[in-house]
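The values are calculated or read from the model by the stated rules, or taken from the named source; none is laboratory data. Worth saying up front: this structure is predicted, and the values here are computed from it rather than measured. Heads up, the Cβs are rebuilt from the backbone with ideal geometry, glycines too, and the neighbour counts pull from every protein chain shown. Each accessible area value is taken on the protein alone, full model and side chains, heavy atoms only, with ligands, DNA and RNA left out. Shrake-Rupley method; radii C 1.70, N 1.55, O 1.52, S 1.80 Å.
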Amino acid sequence: MGKMHYKRKLVIIFIIIGTALGFYVYSAFSEKLTKSTDLSDESIGGLKVLDNISSQEFIRAYGEPIDQDNNNAYDYYYWKGGLKTASIKTDEDKGKIMRLIISSTDDDLFENSLQTSKGIKLGSKKADVLSKYGDHYYKSYEQGADIIGYIDHERNITLEFWCVQGGRVAEIRLDDADVI
């Protein structure tokens with residue numbers, strides 16, 4: 001009876017580990033498994049991934065950064081209008097935007113005029129995202145948000161909508177798909 005009980009425990013442990021590992025692998029690679037969506041015209045507030053924060057157009061629109069986060073991989077800046085960018089720190093690509101973010105806080109819940117090229121903004125309904133961007137999306141759950149993501153495999157760009165309880169968009173991220 002002792003050996004049989006031990007074998008059952010071992011099988012259960014392997015099932016739990018296998019399930020957890022499978023979920024992790026699926027979550028980590030789900031965007032790679034998702035059908036491509038054309039995001040060639042996608043922008044947030046007219047800005048695209050790979051634009052540069054040092055360009056005259058960007059400086060004219062956003063001026064100087066309000067604040068900066070220290071990060072080993074990218075320079076993260078906060079700009080007027082609720083925009084946050086992650087840009088390359090060094091070399092000839094310095095300032096090239098790899099991530100654009102707009103998000104709400106408790107103080108300004110959904111108060112931001114920036115929007116995607118298809119008119120989705122903070123406070124938009126999850127159903128509006130799905131109707132404008134389609135059914136080829138990946139799902140994730142992080143930091144209490146239900147995330148709907150689209151990927152353009154050809155351009156290596158992702159667009160994520162972080163929805164909070166009630167199905168409202170509380171954060172939008174437009175990224176180079178390789179951003180860590």
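Got a number for residues in the stretch 53-85 being buried (at least 17 other Cβ atoms within 10 Å of the Cβ), in a strand (DSSP E or B) and touching an Asp or Glu at 6+ places or on another chain (Cβ under 9 Å)? Break it down stepwise before answering.
Initial filter on the stretch 53-85 (buried (at least 17 other Cβ atoms within 10 Å of the Cβ)): 53, 58, 62, 74-77, 79, 82-85.
Cutting the leftovers down to in a strand (DSSP E or B) gives us 75-77, 79, 83-85.
Narrowing further to those that are touching an Asp or Glu at 6+ places or on another chain (Cβ under 9 Å): 75-77, 79, 84-85.
Qualifying residue count, the stretch 53-85: 6.
So, in the stretch 131-180, exactly how many residues are of a type in the set (Val, Ile, Thr), open to solvent by 40 Å² or more (accessible area, probe 1.4 Å) and either outside any strand (DSSP E or B) or touching a residue at least 60 places away in the same chain (Cβ under 8 Å) (or both)? Show your work before the answer.
Within the stretch 131-180, the first condition is being of a type in the set (Val, Ile, Thr), and the residues that meet it are 147-148, 151, 157-158, 164, 169, 172, 179-180.
Narrowing the set further to residues that are open to solvent by 40 Å² or more (accessible area, probe 1.4 Å) leaves 164, 180.
Filter once more, so that each one left must be either outside any strand (DSSP E or B) or touching a residue at least 60 places away in the same chain (Cβ under 8 Å) (or both): 180.
Summing the residues that are of a type in the set (Val, Ile, Thr), open to solvent by 40 Å² or more (accessible area, probe 1.4 Å) and either outside any strand (DSSP E or B) or touching a residue at least 60 places away in the same chain (Cβ under 8 Å) (or both) in the stretch 131-180 gives 1.
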